[in-house]
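Encoded as structure tokens, the structure appears first; notes follow it.
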Amino acid sequence: MEKNKFSIIMNCYNGSKYLNFAVNSIISQTYKKWEIIFWDNASTDDSLELIKKFTDSRIKIYQSKNHTNLSTARNNAINKSNGEFISFLDVDDEWLPNKLERYFDIYKNMNINIIHSNYFIYHSIKKKKWVKNKFIVPSGMITHQLLNSYNVGLLTLSFRKKITINNNKNIFNPKFHLIGDLDLVIRLSIKNFIYYEKIPTAIYRIHQHNETSSKNKLMVHELEYFKNSFILKKFNNQKKIIRNFNSNINYIKGKDYLLNGNKNSLKKCLKKMHFGSLKIKLIIGKLIPFKFLSKFIS
């Protein structure tokens, strides 16, 4: 494991459209001690050809023999890394130039193992950009807060690799395709202080092919599994946590119903939610013009 080095996990499946932007945002970093572990997940487009055009020796390219889910792909990529710190950037997102320098200063000056930050959201179709978190996000031992309102963007997540050594080759749970990062961060949060940097360090791009936008049903299924396999076992006597997590699941269902105009299913969904910010958001969503809806409920 090489000290002070960031291993940047970049998974790719047919990501050629924005790949150059993502890679160049890493090459442009003011902090230079890094490696990219580029894991091509059996792409059928020209992603592999594009990444091979970069001549920087810090870019390590690997190609999967078979297409796998995201958690398995990320595990495979991490197993090829040798940096002290693990970070993530998907091929359709970007980092701001001083992200790694800012993170290294935090690691150097604070005894912490996990960092995440605020970030910008950029709508590539509407050409609009806004800040993800407009309110205070807590730092600390924040497992309960994460279960109530998970707000860690994978593109900003970084952790010391040593805290995951006991996970052997599966840092991410291979059962999950969409919520592998949520599962990992919440499990790590039980024993680790998580630091939140309020200054945005990255840009998350919304486009018509976003993974999570087209897979709400799978996400709900995975969240239900996570609830049954982890939350109900670890927090079985804490009704508020279970209630809030159920509301989060129903919020995802409700967003889908709202965007598809399914009023009857939305009504049933709202009845299952406790009165809180997410329920209010869906209720307000019913009243605002459809063209503003996707941004409002993101």
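The values are calculated or read from the model by the stated rules, or taken from the named source; none is laboratory data. Note that the coordinates shown come from a computational prediction; the quantities given were computed from them, not determined experimentally. Every residue, glycine among them, receives a Cβ derived from its backbone with ideal geometry; neighbour counts consider all protein chains shown.
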Quiz item: Of the residues that make up the range 77-84, is at least one in the same structural domain as residue 172 (by TED's automatic domain parsing) and part of a helix (DSSP H, G or I)?
Solution: yes
Practice problem: Report yes if residue 264 is surrounded by 15 or more Cβ atoms within 10 Å (Cβ to Cβ) and not assigned by TED's automatic domain parsing to the domain that holds residue 126, otherwise no. | Solution: no
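Yes/no per residue for (1) of a type in the set (Val, Ile, Thr); (2) loosely packed, with under 15 Cβ neighbours inside 10 Å; (3) in contact (Cβ under 8 Å) with a residue 24 or more places away in the chain:
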{"position": "69", "(1), (2), (3)": "no, no, yes"}
{"position": "72", "(1), (2), (3)": "yes, no, yes"}
{"position": "75", "(1), (2), (3)": "no, no, yes"}
{"position": "82", "(1), (2), (3)": "no, yes, yes"}
{"position": "85", "(1), (2), (3)": "no, no, yes"}
{"position": "90", "(1), (2), (3)": "no, no, yes"}
{"position": "99", "(1), (2), (3)": "no, no, yes"}
{"position": "104", "(1), (2), (3)": "no, no, yes"}
{"position": "108", "(1), (2), (3)": "no, yes, no"}
Quiz item: Which ranges mark the strands (runs of 3 or more DSSP E) fully within the range 99-216 that have 3 or more residues being under 23 Å from residue 27 (Cβ atoms) and in contact with an Asp or Glu (Cβ under 9 Å, 6 or more places away or on another chain)?
Solution: 114-117, 202-206
Exercise. Report, ordered by the first and then the second residue, all pairs with beta carbons closer than 8 Å, sequence separation of six or more or different chains, a first member in the range 1-21 that is touching a residue at least 12 places away in the same chain (Cβ under 8 Å) and under 14 Å from residue 90 (Cβ atoms), and a second member that is among the β-branched types (Val, Ile, Thr) and assigned to a strand (DSSP E or B).
Key: 8/36; 8/37; 9/37; 9/86; 10/36; 10/37
Quiz prompt | All positions within the range 44-76 that are in contact with a Phe, Trp or Tyr (Cβ under 9 Å, 6 or more places away or on another chain) and either farther than 26 Å from residue 207 by Cα or in a strand (DSSP E or B) (or both) | solution = 58, 59, 60, 61, 62, 63, 76
Exercise. Determine which single condition residue 120 fails, assuming it passes every other condition in (1) within 19 Å of residue 191 (Cα to Cα); (2) touching a residue at least 60 places away in the same chain (Cβ under 8 Å); (3) within 15 Å of the chain's Cα centre (by Cα).
Key: (1)
Quiz item: Looking at the range 150-175, which of the residues that are among the β-branched types (Val, Ile, Thr) and either touching a residue at least 24 places away in the same chain (Cβ under 8 Å) or within 22 Å of residue 216 (Cα to Cα) (or both) is surrounded by the fewest Cβ atoms within 10 Å (Cβ to Cβ)?
Solution: 163
Quiz item: Which one of 188, 178, 147 is surrounded by 14 or more Cβ atoms within 10 Å (Cβ to Cβ), within 12 Å of the chain's Cα centre (by Cα) and of a type outside the set (D, E, K, R)?
Solution: 178
Exercise. Return a yes/no flag: does the range 15-37 have any residue that is β-branched (Val, Ile, Thr), assigned to a strand (DSSP E or B), in the same structural domain as residue 109 (by TED's automatic domain parsing) and on the phi < 0 side of the Ramachandran plot.
Key: yes
